[in-house]
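What follows is calculated from the coordinates using simple rules that are stated; it is not laboratory data. None of the values given here were measured: they were computed from a predicted structure. Backbone-built Cβ (ideal geometry, glycine too); neighbour counts: all protein chains shown.
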Amino acid sequence: MMGQDKKVQTLFDEQQIAGRVRELADEIKAGMPRDFVVVGLMVGSFVFVADLVRELSRLGCRPAVEMIRMSSYGLGRESSRDVHLMSEFGMDLTGRDVLIIDDIVDTGHTLTFATDFIARSGAASVKSCALLDKPARREVDFIPDFVGFEIPDRFVVGYGIDFGLNYRHLPFIGTIG
Ligand code: 5GP
Ligand code: MG
C-alpha cells in the first residue's frame, strides 16, 4: 500500500496533543463570542475537531459544528493553489460568529479561501484555528487566530492527517521521510 510502510517519527505524542488541545479550548473560549459555530475543513481536521469540541464542551461552550470539504492535495504532497469548495454548504451562517478549523496552515491558500468564503456567506465574524502552523511555507499573508503548534517545514501525518489516504488513524503526529 502506498506510503504505509514508511517509518513515522513521532513529533507530538498523544499526551502533548491532548494537553495543547485543552489549552487551545481555553484560549478559544476566552477569544470567541459566547455563541459560535465551528466549521471544520474535511478530512484532515476531523480528529482535531472531535477532540476540540469536546474540550470546549467541558468548559461550558456549546458550539454548533459543521464540516466542509475543500479541494486539496489529492494524493500528492504539493498544496493546490487553486482552492475551491467541494461540498455543498448546508448551514445558514447569516449573522453567526464562525470559527474555521483546519489541521495545518501551510502556504495559507486554503484558510484564506475558507475565511473569505465564510465571510461572503454572511457570517458576522470569522476566526480561524489550525492545529499546526508552518510559517516558513507561507505564500499569502495569513495568520490564524489560534494555533496549536508551530512546526518547521516537515511533512507530517497522523491524528487525522494523511499521506495518500494512509496514516489518518494514528493517535499521534509524526513525520515521514
Ligand atoms: P495550504 O493551503 O495552507 O498550503 O495547505 C493547507 C492544507 O495542506 C492542509 O489542510 C493540509 O491538508 C495540507 N498540508 C499542509 N502541510 C501538510 C503536511 O505536512 N502533511 C499533510 N499530510 N498535509 C499537509
Ligand atoms: Mg486539509
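Between Arg154 and Val43, 0.36 nm times their residue separation minus their Cα-Cα distance comes to what?
This chain segment gains 38.0 nm when fully extended.
Given the convex hull over the Cα atoms of the chain, what projected area results after averaging over all orientations, in nm²?
Result: a mean projected hull area of 9.6 nm².
Within a 10 angstrom radius of the beta carbon, how do Ile100, Ile17, Ile68 rank from fewest other beta carbons to most?
Ile68, Ile17, Ile100
Under 23 Å Cα-Cα from Lys127, which lysines qualify once same-chain neighbours fewer than 8 residues away are excluded?
Qualifying lysines at Cα under 23 Å: Lys29.
Under the definition of Cα pairs under 8 Å and six or more residues apart, what whole-number percent is the relative contact order of the chain?
Computed value for the chain: 27 percent relative contact order.
Expressed as an acute angle from 0 to 90° and rounded to the nearest 10, what is the orientation of the C-alpha long axis of helix 46-58 relative to the principal long axis of the chain?
Its long axis makes an angle of about 50 degrees.
Compute the acute angle (0 to 90°) between the alpha-carbon long axis of helix 14-31 and the principal axis of greatest extent of the alpha-carbon atoms of the chain; round to the nearest 10°.
It is inclined by approximately 20 degrees.
Under 27 Å Cα-Cα from Lys7, which lysines qualify once same-chain neighbours fewer than 8 residues away are excluded?
The qualifying lysines are Lys134.
Could you work out how much longer the chain between Ala50 and Met91 gets when fully extended? Use 0.36 nm per residue separation minus the Cα distance between them, nm to one decimal.
Length difference between fully extended and current span is 12.9 nm.
Sequence-distant or interchain residues sharing an amide H contact under 5 Å with Ser128, placed H: which?
Amide H neighbours of Ser128, under 5 Å, 5+ apart: Ile100, Asp145, Phe146.
Against the longest alpha carbon principal axis of the chain, how many degrees, from 0 to 90 and to the nearest 10, is the axis of helix 109-120 turned?
Approximately 20 degrees, to the nearest 10.
Rounded to the nearest 20 debye, what is the charge dipole size of the chain about its Cα centre when +1 sits on each Lys and Arg Cβ and -1 on each Asp and Glu Cβ?
My answer is approximately 200 debye.
Using Cα pairs under 8 angstrom and six or more residues apart, how large is the relative contact order of region 87-177, in percent?
24 percent
Given contacts defined as C-alpha pairs under 8 Å and at least six residues apart, what's the relative contact order of region 104-149, whole-number percent?
Relative CO of region 104-149 lands at 49 percent.
Mind jotting down the distance between the C-alpha centroids of region 142-156 and region 38-71, whole Å?
So the separation of the two Cα centres works out to 18 Å.
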